[in-house]
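Accompanying notes for the structure given below.
Nothing in this text is a laboratory measurement; each read-out follows from the coordinates by a stated rule. None of these values were measured; they are calculated from a predicted model. Cβ placement follows ideal geometry from the backbone for every residue including glycine, while neighbour counts extend to all protein chains displayed.
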Amino acid sequence: MSPNRYIRNFVTDEKGVSAIEFALVFPVLLLLLLGSFDIGRAILVDQKLIVSSQVVADLVARVDSLDDDMLNEAVRAGELVIEPYDLNNFSLAIISAEFDDSDSPQLVWSEVQGMQDVPDVLDRANGLGTVGEGVVIVVVRYNFEPSFSVFSVDGFEMQEVAFARGRRVPVVQRG
């Protein structure tokens, strides 16, 4: 075979084109598949955070005065909602606030586990009550770390907030 014919056959031969196309497209498809798995997990964790904050707020709002055992039970209930996800990435804050003469929420007590204080939490309660009323605020956070998307997305913090009114008393106390 002459060199010109060999070159012409090499240039016009299409036997390896599909393999090359597959090699170019496969990494993109794999990234989309694994990314959609991580997005699904993130949505599920966020839904669990919403339920966790509501469960803790509801349990705290049921009592007149919250003792350490009741507090631990409420926190544990919130953790059970998050399972089977890693509880080392879970943190929460429980705040009881009472509205003063100017209808501004004032801190009565707070319990924070695994996070820094939530600086704007009382601002979020503005407009939720009048003088003498109270509100229980629960903030839950989760540091989400993607399983497969570590190449393109770092972990990020998710946060949900729930509000509840005391069922038996206007302001839930800590005792």
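Computed about the Cα centre, the dipole magnitude for the stretch 15-174 is approximately 640 debye when only Lys and Arg (+1) and Asp and Glu (-1) carry charge, each at its Cβ.
Restricting the trypsin sites (Lys or Arg not before Pro) of the stretch 15-90 to loop positions (DSSP other than H, G, I, E, B) with no more than 16 neighbouring Cβ atoms within 10 Å leaves Lys15, Arg62.
Here the chain carries DSSP beta bridges of which approximately 95% are antiparallel, counting only pairs with both residues inside.
Summary value for the chain: 27 percent relative contact order, contacts being C-alpha pairs under 8 angstrom separated by 6+ residues.
Cα convex hull, the stretch 15-174: 115 Å³ per residue, rounded to a whole number. Considering only Met70, Ile43, Ala19, and ranking their Cα positions along the charge dipole of the chain that arises from unit charges at the beta-carbon of Lys, Arg, Asp and Glu, the one farthest toward the positive end is Ala19. Helix 68-82 and the longest principal axis of the Cα set of the chain meet at an angle near 20°.
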